[in-house]
Structures are given as structure tokens and as C-alpha cells.
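The values are calculated or read from the model by the stated rules, or taken from the named source; none is laboratory data. Please read these numbers as outputs of a predicted model, since none were measured by experiment. Quick reminder, even Gly has a Cβ in these numbers, built from the backbone with ideal geometry, and neighbours come from all protein chains shown. These area figures cover heavy atoms from the full protein model, side chains too; ligands, DNA and RNA do not enter into them. Shrake-Rupley method; radii C 1.70, N 1.55, O 1.52, S 1.80 Å.
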Amino acid sequence: MTQAPLLEFSGVRAQYGPVEALKDVSVHICKGEIVSLIGANGAGKTTLLSSIFGTPRASAGKIIHRGEDISRLPTSRIARRGIALVPEGRQIYQDMTVEENMMMGTTPIGMNHFDEDRATMFQLFPRLKERRNQTAGTMSGGEQQMLAIARAMMGRPELILFDEPSLGLAPLIVKRVFEVLSEIAAMGKTIFLVEQNANHALKLSQRAYVMVNGRIHLSGESAALLDNEDVRKAYLGLH
Ligand SMILES: Nc1ncnc2c1ncn2[C@@H]1O[C@H](COP(=O)(O)OP(=O)(O)OP(=O)(O)O)[C@@H](O)[C@H]1O
Ligand SMILES: [Mg+2]
């Protein structure tokens, strides 16, 4: 590590009742990086992202953001530190319009930049502009994913956590989602990407971690992981 990480998990454990979902997890993300986290269903990927916001709380270890241990901070204070989550399953407000959903995304910073940031998002997602007054729940899965991303961006986060943004989408839309991630990185955002689509995720990211059963089993440069035949077969579901 040449620079101090922007976000670091150090020996983090977390449980749901008797179930230990994270077992001594250490992961770091530096400013400007795209880092991916790959793993099968139930590996603990969503739990790792949620633990940043304290649900569940880390029962051991530290979550360090910009040099400060945030693992005991209230959730509302953490969102105001410039960390946004694009959650698994989009979680958009179904009964609200596209624009109202985008307004909700400004919560950490207030409405001062709303017009400017909405224009930027409408440029990135022309479809959302066309549908600005549509009820969000009536949109397609791909459109809802774009909205979930736009909503997160409205809070001007420095670091964005994406939880399986390509899940359940058609191949062309998946391709578009990964293009958007790359455009967002080019806008200066740091990205921590949880994916089951190992191929796409490793092509986009610089570094990656592979999680198995609540532990990090493997980590390294994404290109090297993609090139390693054993890794591809054993962990990535690729041949
Ligand atoms: N709210 C909860 N209460 C109890 N157990 C939970 C809860 N959420 C997750 N778990 C358990 O914790 C483990 C990790 O789940 P998690 O959702 O983090 O996995 P994941 O890697 O995100 O999986 P997926 O790819 O299916 O989204 C699983 O065994 C799961 O059953
Ligand atoms: Mg998950």
C-alpha cells in the first residue's frame, strides 16, 4: 500500500444471532480505485457492505474510514462522510417518481446542488430524463438500476458501494451498467463493487477479493486472478 486506504476493514467479524457471517475480514480500498468483491450466494458480501453502516455492527475488528474508526458511529453520521450504497435489489422508492427518488439521494448534503446534479445525471442516464415524472416502480429492472445509481450519486459521495448492480438484467443492460460504472470512476469516484458476474467485475476493477463463507480466500490484481486457470475454475465459475 503506497497511500493510506480510504476505507479499510481490519479483522472484522459480524454475526446474526448465532450465525457468524464475517470471520476476520481484512479488505482495503484506496482513493480512486475500483475494487471488486466476488463470492457465491451467502458468502457474506452484502453483510460486509452493510457493516459499514452498522447493520450488523462489527463484533470485532475495525472499520477505518479516512483514518478514523467508524465502526461505532451512528448510521446517519456515516452517510454524511461521503459513502453511498447502491443496494442489492435496487431498493428504490417504488411509489415515488424518478425525480423524487433522486431528491431522496440528496439527504446527506441537502438540496443546494440539486438542479446541477440532476442535469449531470440526466446526461448520464437520458432514459431517466424522459421518465422523470414516472412512478419508479413501473420502470424496467434496468431503468430502476440506473435510478438507484443516480440516487446514490445525488449525495455527491466520494466512495460508492455497489451491491450486485448487474443482477437479473439482460446481457445488453449488464454491459451498459458496467460502462456506467467505468464512467462514474472517470468522474473521480472510488468504487467498491460486489458482484457475482466475476468476468465483468474483474475486467473493470484493478484489484479484487474473493470471499468464501465469510472469509477472504484470495485477493490480488484483477487481471492476474482472471488469468489464473485454477482461480477461474475454483472461485470464479469461469472456464
Ligand atoms: N438479516 C439476517 N439475519 C440472519 N442471517 C442473515 C441475515 N442476512 C444475511 N444472513 C446470513 O449471513 C450469511 C451471509 O449473507 P449475505 O447476504 O451477506 O451474503 P451475500 O454474499 O451477499 O449473498 P448473495 O450473493 O446471495 O447476495 C448468509 O448465511 C445469510 O443467510
Ligand atoms: Mg448479497
| query | Out of (1) touching a strand residue (DSSP E or B) at 6+ places or on another chain (Cβ under 8 Å); (2) without any contact (Cβ under 8 Å) to a residue 60 or more places away in the chain; (3) closer than 23 Å to Gly54 by Cβ, the odd one out for Leu159 is which? | reply | (2)
| message | Just to verify a result, which residue in region 18-46, among those that are away from ligand 2 (no atom under 13 Å from the Cβ) and hydroxyl-bearing (Ser, Thr, Tyr), is surrounded by the fewest Cβ atoms within 10 Å (Cβ to Cβ)? | response | Ser26
| message | Quick check on region 215-237. Is at least one of its residues aromatic (Phe, Trp, Tyr), closer than 24 Å to Thr47 by Cβ and open to solvent by 10 Å² or more (accessible area, probe 1.4 Å)? | response | yes
| query | Name the pairs whose Cβ atoms lie under 6 Å apart, with the first residue in region 165-183 and open to solvent by less than 70 Å² (accessible area, probe 1.4 Å), the second polar (S, T, N, Q), and 6 or more positions between them or separate chains? | reply | Pro165/Gln145; Ser166/Asn197; Val174/Ser166; Val177/Ser166
| query | Do we find that Asp69 is within 16 Å of ligand 1 (Cβ to nearest atom), out of contact with any Pro (no Cβ under 6 Å at 6 or more places or on another chain) and either of a type outside the set (A, V, I, L, M, F, W, C) or open to solvent by less than 50 Å² (accessible area, probe 1.4 Å) (or both) in this structure? | reply | no
| task | Could you please find all residues in region 72-101 being under 19 Å from Glu158 (Cβ atoms) and more than 16 Å from ligand 2 (Cβ to nearest atom)? | result | Leu73, Thr75, Ser76, Arg77, Ile78, Ala79, Arg80, Arg81, Gly82, Ile83, Ala84
| Leading residue by the ranking (most open to solvent (accessible area, probe 1.4 Å)) among those in region 84-99 that are of a type in the set (S, T, N, Q) and part of a loop (DSSP other than H, G, I, E, B) | Gln91
